[in-house]
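Each reported figure results from applying straightforward, stated rules to the coordinates on display, with no laboratory input. What you are looking at is a predicted structure, and each value in this text was computed from that prediction instead of being measured. Note that we place each Cβ from the backbone using ideal geometry, even for glycine, and neighbour counts take in every protein chain shown.
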Amino acid sequence: MRTLAKTTEVHEPLLRALWQRQLPPQIQAILQTQIRTPLDELAALADRNMDVSTPTPDSPTPPYPPYIQSISSPLDSLTKRLDELFKEIVNLQPISPIT
């Protein structure tokens, strides 16, 4: 997130809050106890926890951010059309050269 912010100064508490919201609830709960831990160490801790935690079948997946949702339908349409075009290309017969 720091990389995405580039030159914009983002205060660590805000960055921490935005970042933690993107994590699964069980990881958020663990990280809530680490109030004084620097953000880089907190990220490493979150990574280790994610590596050992397994998602449960009944755990809901977080919704995609709005910008992803807004391009999902057009991308689905484009993908479908590309598949159709590929099938048409495969079915084309080669044209014999004119002599």
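Between ILE71 and THR33, how high is the FRET efficiency from 1/(1 + (r/R0)^6) when r is the Cβ-Cβ distance and R₀ = 35 Å? Nearest 0.05. Walk me through the intermediate numbers first.
Working: r = 37 Å, r/R0 = 1.05.
Calculated value: 0.40.
A protection proxy built from the mean count of other Cβ atoms within 10 Å ranks the segments 67-77, 36-46, most packed first, as 36-46, 67-77. Spin-label model, ASP47/LEU14: points 7 Å from Cα along the beta carbon direction are separated by 2.6 nm.
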